[in-house]
Ligand SMILES: C[S@@+](CC[C@H](N)C(=O)[O-])C[C@H]1O[C@@H](n2cnc3c(N)ncnc32)[C@H](O)[C@@H]1O
């Protein structure tokens, strides 16, 4: 069976980004991980809690920088990502830093088939479900991988902020980009990379998805999880809009007013 466009195009795009993210010009602080001075963003630092000794699964782990940072805190980590380039780079980074972790190449939706056992924590953050077409299936996968009493931690851009962009701005405020309830893939063609300004991508076409907050929460509830925490934040892990400014904890905010919820985070546990 041939792969759907969203999977094939998005994976080619992500495969290509890996080298750009490992390059010295990248915003990714790989040197910080090597020197033991790598920090997560302020939001998850404040909310995640201790992970030592826990079986932790990092979904959409990219080249493993956060995965290995969590392993440095004593978690027994497994990272999963559909990009072969990302998984190869993650294994190399683990070997170079001497940090123990397991990495598995898989589409997130096949996570239950390819991974053994259950996890005490599942961790998914920053730039993840925007690449996924089906949130109820994603939530079912998360629930199926959690051990009883296990906790899913999720932090990402708020879908309300995804409605806007700078391209359509008519003043100093962002303009309309795509509808909150659009409910279909947004096909994007972009040569630029968010973390490395020197990169010109060749695999430029991607399929991205805005998932309303209620879709995410209801899907997790329908999958049998209990919602333990839901926070909205006026900050985000990257500079989504030109007028945002950097603030504490590797986060960005609007300089004047907290105009929009820029990100949200949640914890959901398996009874
Ligand atoms: C923005 S990155 C997440 C980065 C992570 N927060 C970090 O900083 O390391 C998104 C990741 O999702 C992965 N991805 C996208 N769609 C996926 C899918 N269907 N299954 C598994 N991984 C996927 C990409 O390969 C990429 O590594």
### Task
Per residue, how big is the convex hull around the C-alpha atoms of region 1-47? Give it to me in cubic angstrom, could you?
136
### Summary
Rounded to whole angstrom, the alpha-carbon centroid of region 122-192 lies from that of region 210-271 at a distance of 10
### Helix-derived mean residue ellipticity, 222 nm - over the chain, DSSP H n ≥ 4, -39500 (n - 2.57), to 500
-8500 deg cm²/dmol
## Note on the structure
Taking the convex hull of the alpha-carbon atoms of region 48-167 and averaging its shadow over every direction gives an area in square nanometres of 8.4
#### Entry: For region 109-156, projected area of the alpha-carbon convex hull averaged over all directions, nm²
3.3
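Got the relative contact order for the chain handy, in percent, Cα pairs under 8 Å and 6 or more residues apart? Let's see the in-between values first.
Details: 554 pairs, mean separation 53.9, N = 271.
The normalised contact order for the chain reaches 20 percent.
Would you please calculate the Kirkwood hydrodynamic radius of the chain over all C-alpha pairs and express it in Å, rounded to one decimal? Before the final figure, lay out the partial values.
Details: mean 1/r = 0.0524 Å⁻¹.
Over the chain, the inverse of the mean reciprocal pair distance is 19.1 Å.
So what's region 122-271 giving for Cα Rg divided by 2.2 N^0.38 Å, two decimals?
Working: Rg = 16.3 Å, N = 150, 2.2 N^0.38 = 14.8 Å.
Working it through for region 122-271, the quotient is 1.11.
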### Task
Could you tell me, in Å, what Rg and Dmax come out for the Cα atoms of region 62-106?
9.2, 26
### Summary
Cα-based Rg and Dmax for region 161-244, in Å, come out at 15.8, 45
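Readers should treat all values here as calculations from the given coordinates under stated rules, not as data from a laboratory. Values in this document were obtained by computation on a predicted structure and should not be read as measured data.
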